[in-house]
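S.K.: Okay, here's the structure, questions in a sec.
The values are calculated or read from the model by the stated rules, or taken from the named source; none is laboratory data. Everything numeric here is computed off the predicted structure, so don't read it as measured data. Cβ sites come from the backbone with ideal geometry, for glycine too, and all protein chains shown count toward neighbours.
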Amino acid sequence: MRILLWHGYFLGGTGSNVYSRALSREWSQAGHEVTLFCQDPNPEHFDLGSATVIKPKLPNDLLPVFVLDNYPGLKSKLLQDFTQKELMQYVEANVQAMSNLLPADLIFTNHALMGGAIGAATGSPFRVKVHGSELEYSIREKPELIKFAQESLLSAEAVYVGSRHVRNVLAEVIGNIQHVSEVPPGVNINEFVIKDRDEALQQLLEESKQDPLNPGNYDERLPDEGNAKKFADFFAVDRPTIIYFGKLIKNKGVHLLLEALRSLDARVIIVGFGDYRGKLEQLALTLPKDKVLFTGFLEHRHLVNLLPLAEVAVVPSIFPEAFGMVAAEAAASGCPPLLARHSGLAEVAAELQKEYPEHLRPLTVFEPGDVNSLRSKLAELLAISPMERKAIKSACRSVAETHWSWTVLAKRLLEPVS
């Protein structure tokens, strides 16, 4: 098949960025001809299989986003702040970039807006993946954007959501949409695997030594300067380790994790970038110096080695999550996720609970926004026996292989629409 995959953003980080990279890789490795449309200045840094990358020229360099981040070379602006003229110019520019490759066997776009609008404007059959961030952060209670999204999605031959939660939010925010199917995001189960701790640490140090220069951590989309030495010093002491990886914005609830850490005999590694990092660093200063390590953004080549070094991965979001891809990646690595019990995260936890030993099933979730609940569950997880830890690792890995393999999920997205 000849597939046009529209993403529209950078490729580093989490969420739809990882999603688009994975589909590019899986579809092209399966023998399909894939063209990926995105704005990443360095797509060669990512494993996209044999996919071709096209970077559409954006009018006035304006990029509609759901959360304000720094996009070098572009001017990010909240989707809800775009004028109607700016929205149409953005759609036209992206459709123009795709026009020379039409018709295609499949057009697959990300996000109800703007992917749905761009797919509809091609005049060709298309499928769209709704990620949820656009619904919660930009479209909700915005009548003009709701109407725009409704019109766009109604012309799609298939609409995919990653969880039952997103299906419900889609209906609540935009209304009844036909042809909605639940296909969760996934994880590369050949990349994220259970590893021996000594081997994982050695590989983490080697990968960190290969990081590009980032003096003064001037580029938030690169790993922090000197991470190799920081990791070596950090893991020179054997102590229970908790990890958070994802965006550093308030809605992710990382501040709850730092508060919960106060009375725990454990330490935490915080991976990611975002406008809340400074606040989190201030909060970390109130804790003992060796309790918190910030790394900046890390790539999969780091994470596949870092996750096996942690006893638990916490996803403490205080805002609804479409699914929880980071939880799937942690599970595939044998690092048990501890999730806030809400939205798509609760659905991820439910899958894990089916495989956990019965008496350990409560240790998959904590009460949202409740520091005491988080602290209590962390203390229990860190205190389980080696035999129980081995059972949890095996259960996590089994669920990842069965439910969240990218190879299986990518095939499902190509199935004929009934």
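S.K.: Within segment 217-251, how many residues turn out to be in a loop (DSSP other than H, G, I, E, B) and on the phi < 0 side of the Ramachandran plot?
M.R.: Within segment 217-251, the first condition is being in a loop (DSSP other than H, G, I, E, B), and the residues that meet it are 218-222, 224-226, 235-240, 246-249.
From what is left, the residues that are on the phi < 0 side of the Ramachandran plot are 218-222, 224-225, 235-240, 247-249.
Adding up the residues that qualify gives 16.
S.K.: Pick out the one residue from THR295, THR286 that is in contact (Cβ under 8 Å) with a residue 40 or more places away in the chain, out of contact with any Cys (no Cβ under 8 Å at 6 or more places or on another chain) and hydroxyl-bearing (Ser, Thr, Tyr).
M.R.: Details: THR286 fails: in contact (Cβ under 8 Å) with a residue 40 or more places away in the chain.
It is THR295.
S.K.: Across segment 4-51, which residue is farthest from the chain's Cα centre (by Cα) among those that are among the aromatic types (Phe, Trp, Tyr) and closer than 23 Å to HIS302 by Cα?
M.R.: For segment 4-51, the residue satisfying everything is PHE46.
S.K.: Continuing with this model, one more query. I'm trying to understand the selection: among the residues of segment 29-49, which are of a type in the set (Gly, Ala, Ser) and either touching a Leu at 6+ places or on another chain (Cβ under 6 Å) or surrounded by fewer than 16 Cβ atoms within 10 Å (Cβ to Cβ) (or both)?
M.R.: ALA30, GLY31
S.K.: Still on this structure, I have one more. Scan segment 331-344 for residues that are in contact with a Phe, Trp or Tyr (Cβ under 8 Å, 6 or more places away or on another chain) and modelled with pLDDT of 95 or more and jot them down.
M.R.: The initial filter retains those residues of segment 331-344 that are in contact with a Phe, Trp or Tyr (Cβ under 8 Å, 6 or more places away or on another chain), namely 331-333, 338-341, 344.
Hits for segment 331-344 are ALA331, ALA332, SER333, LEU338, LEU339, ALA340, ARG341.
S.K.: Continuing with the same structure: Would you check which residues across segment 1-31 are in a loop (DSSP other than H, G, I, E, B) and touching a residue at least 40 places away in the same chain (Cβ under 8 Å) and list them?
M.R.: MET1, HIS7, GLY8, TYR9, PHE10, GLY12, GLY13, THR14, GLY15, ALA30 - these are the residues of segment 1-31 that are in a loop (DSSP other than H, G, I, E, B) and touching a residue at least 40 places away in the same chain (Cβ under 8 Å).
S.K.: Quick check on LEU309: is it farther than 21 Å from GLU134 by Cα and in contact (Cβ under 8 Å) with a residue 12 or more places away in the chain?
M.R.: So LEU309 passes the test.
S.K.: Consider VAL417 carefully, then state whether it is exposed (fewer than 14 other Cβ atoms within 10 Å of the Cβ), of a type in the set (A, V, I, L, M, F, W, C) and not assigned by TED's automatic domain parsing to the domain that holds ALA158.
M.R.: Yes; evaluated as a whole, the condition is true for this residue.
S.K.: Do we have LYS195 as assigned to a loop (DSSP other than H, G, I, E, B) and at pLDDT 95 or above here?
M.R.: yes
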